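Below is one structure; the comments refer to it alone.
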Amino acid sequence: MIFPQVARQLIDIGARFYARGWVMGTSGNLSAVVSAKPLRLAITASAVHKGTLRPSEILLIDDAAKAQTRRSKSAPTGVRSSAETLLHLEIVRRRGAGAVLHTHSVWSTILSDLHEADRGLAIHGYEMLKGLSGVDSHTHREWIPIVPNSQDMPRLAQAVGHVLDEFRDVHAFLLGRHGLYTWGRTLAEAERHVEILEFLFEAQGRTRGFHGDSSHSRTRSDDLRR
């Protein structure tokens with residue numbers, strides 16, 4: 001894919017996600033593979049507003065997270081790739097993903113907090129699960145691992161790699177009190193996964209609110225892990 005086209009798609013996704021309340025402030029980060037060999041990734045810059053992204057705020061990086069020559073002469077100095085670039089690269093390598101999207105919604109943050117001690121949560125019985133790649137029945141049980149958050153990015157990337165190796169069929173994971181990471185073969189598939197998972201997180205959260213606690217839909221991870 002051509003870098004300017006990918007950058008435009010990331011800008012449009014950022015605006016849509018901001019409108020849904022999934023990347024408020026400067027939260028979240030978005031990336032897509034521009035070249036597989038050598039690996040080149042288009043990724044949002046650090047600390048930029050995803051609702052008003054500009055082409056100069058989409059950077060091209062290599063497989064060592066090093067920024068390549070900027071495509072725009074008007075790009076401001078001091079722009080650097082997202083602090084979580086290493087996580088994007090880890091997912092791309094281990095899942096062969098074509099795109100990685102990270103959101104900071106209220107519901108994903110709440111659920112990642114409630115279930116962090118369980119190392120994850122399972123969602124099953126919802127028709128919307130069929131929107132996940134390879135899922136063809138509402139009876140599917142989706143396990144969503146939760147990785148404890150850290151500001152040590154190399155160590156966090158290593159932890160993410162271990163989780164992806166342990167749970168090879170998952171479509172996403174959560175960072176504790178942080179947010180959602182999901183991916184897809186294409187940007188369109190990754191965006192669909194965000195929409196499906198954010199819907200399911202909100203459904204879970206609202207159901208628990210109506211019941212007054214989490215006992216209605218919470219089951220210990222030992223019974224749910226694949």
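The values are calculated or read from the model by the stated rules, or taken from the named source; none is laboratory data. Just so it is clear, the structure is predicted and the values come from calculations on it, not from any experiment. Ideal geometry is used to build each Cβ from the backbone, glycine not excepted, and the neighbour counts take in all protein chains shown.
For every residue, the table says whether it meets (1) in contact with a helix residue (DSSP H, G or I) (Cβ under 6 Å, 6 or more places away or on another chain); (2) free of Cβ contacts under 8 Å to residues at least 60 places away in the same chain; (3) surrounded by 15 or more Cβ atoms within 10 Å (Cβ to Cβ); (4) closer than 25 Å to residue 149 by Cα.
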| position | (1), (2), (3), (4) |
| --- | --- |
| 2 | no, yes, no, no |
| 21 | no, no, no, yes |
| 28 | yes, no, yes, yes |
| 34 | yes, yes, yes, no |
| 48 | yes, yes, yes, yes |
| 79 | no, yes, yes, yes |
| 99 | yes, no, yes, yes |
| 110 | yes, no, yes, yes |
Which one is nearest to residue 105 (Cα to Cα), of the residues in region 18-34 that are not in a loop (DSSP other than H, G, I, E, B) and not β-branched (Val, Ile, Thr)?
18
Candidates 78, 134, filtered to the one that is over 23 Å from residue 17 (Cβ atoms), modelled with pLDDT under 95 and part of a loop (DSSP other than H, G, I, E, B):
78
Kindly establish whether residue 144 is surrounded by 15 or more Cβ atoms within 10 Å (Cβ to Cβ), among the aliphatic types (A, V, I, L, M) and within 16 Å of residue 193 (Cβ to Cβ).
yes
